[in-house]
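For reference, the structure discussed in these notes is given below.
The values are calculated or read from the model by the stated rules, or taken from the named source; none is laboratory data. Please read all numbers here as calculations on a predicted model, not as lab measurements. Glycine gets a Cβ as well: all are built from the backbone with ideal geometry, and neighbour counts include every protein chain shown.
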Amino acid sequence: MLHYDEPVYRPPSEGNSLIIQATLGCSHNRCTFCSMYKTKTFRTRTREEVFADIALAAKMQPSTSRVFLADGDALALPTDDLAAILDELATRFSSLERVSCYATPLDLNRKSPEDLNLLREKGLTLLYFGIESGSPDILARIRKGVNPDKLASALDRAHDAGIAVSATVILGLGGRRLWQQHIEGTAALVNRAPPDFLSTLQLRLGPDEAETFVSRFERDGTPFEPQDDLGILEEQHVLLTALNPPRPVVFRSNHASNCLPLAGTLPQDRAALVATIAAARAGAQVLRPEFVRGL
Ligand code: SF4
């Protein structure tokens, strides 16, 4: 059995992947809506530690075809170390098809185009990336550590290197007071630097992060008033109406947090997606009940 330093998180689409912890925690760890790694101090694991896990996994699951490198942002590893891990995975798993990891915008902007090309050549072909919002004000309120220009530059770097990006946006981050600037900024960012895959989540604050989130949001006196499902659907409606990316983006809102599952490809399916949301807003479609949702 592989030993994991808990808690371990992975994207829903990596449910059947082998998980190897290349780093522990998140190198940023400051986003106010996120509690995932607040119990961990970020550190990179040594090559010896990671190689030992890979060797053990190769004995137990030799036919592994997909590997997800945890924790919060394995792209924070120095390029040499990450390249060595990718080489080791390719050596140990003859059926390997895909290696992926989470990446922060700060990580991507720190890597040179040569670094990213090298990592893609060695098998890192998919990054999971939190856009969260394209509004500079919302990004500052949630302490994402970047502005929209830095987000766009990070997305462009991955695209230029041929590494696919699966990105998330969190509906509800601006509450009822600031939702319009949240959505307008997000649509502008996605249209400017489209990821390959885009998902929307709904903001859900647990007791651990709610106080920090609200106090940071309200630091200029703007109250945070949470959106209800109808407000979230209005955000989704305005976002999808405004999305017109210059290359295809696979769109999903099928994460467990969403009140209305949606799936399509933008821009070609935009009208159908918008019509589905309009029907839900008019009450023609039952929303997912609250008790089956989670983030
Ligand atoms: S970068 Fe990601 S994992 Fe790290 S604190 Fe922000 S949302 Fe959480």
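Tally up the residues in the stretch 202-256 that are touching a residue at least 60 places away in the same chain (Cβ under 8 Å), closer than 23 Å to residue 274 by Cβ and buried (at least 19 other Cβ atoms within 10 Å of the Cβ), please.
So the count comes out to 6.
Identify, from the list 75, 82, 96, the residue that is surrounded by 17 or more Cβ atoms within 10 Å (Cβ to Cβ), farther than 14 Å from residue 19 by Cα and either without any contact (Cβ under 8 Å) to a residue 60 or more places away in the chain or within 16 Å of the ligand (Cβ to nearest atom) (or both).
The match here is 75.
Which residue out of 241, 212 is closer than 20 Å to residue 144 by Cβ and polar (S, T, N, Q)?
Sole residue among the options that is closer than 20 Å to residue 144 by Cβ and polar (S, T, N, Q): 212.
So, restricting to strands (runs of 3 or more DSSP E) that lie completely within the stretch 177-281, which ones have at least 2 residues that are hydroxyl-bearing (Ser, Thr, Tyr)?
197-202
Somewhere in the stretch 11-22, is a residue among the charged types (D, E, K, R), more than 16 Å from the ligand (Cβ to nearest atom) and surrounded by 15 or more Cβ atoms within 10 Å (Cβ to Cβ)?
The answer is no; no qualifying residue exists.
Are there any pairs with C-beta distances below 8 angstrom linking a residue in the stretch 130-145 that is in a loop (DSSP other than H, G, I, E, B) to a residue that is within 13 Å of the ligand (Cβ to nearest atom) and among the acidic types (Asp, Glu), with the two at least 6 apart or on different chains, and if so which?
Short answer, once both residue conditions are applied: 142/132; 144/132.
I'd like to know if the stretch 47-66 contains one or more residues that are farther than 17 Å from residue 91 by Cβ, in contact with a strand residue (DSSP E or B) (Cβ under 6 Å, 6 or more places away or on another chain) and either at pLDDT 95 or above or within 16 Å of the ligand (Cβ to nearest atom) (or both).
For the stretch 47-66, residues farther than 17 Å from residue 91 by Cβ, in contact with a strand residue (DSSP E or B) (Cβ under 6 Å, 6 or more places away or on another chain) and either at pLDDT 95 or above or within 16 Å of the ligand (Cβ to nearest atom) (or both): absent.
Considering only residues that are surrounded by fewer than 24 Cβ atoms within 10 Å (Cβ to Cβ) and on the phi > 0 side of the Ramachandran plot, which ones fall in the stretch 121-151?
123, 143, 145
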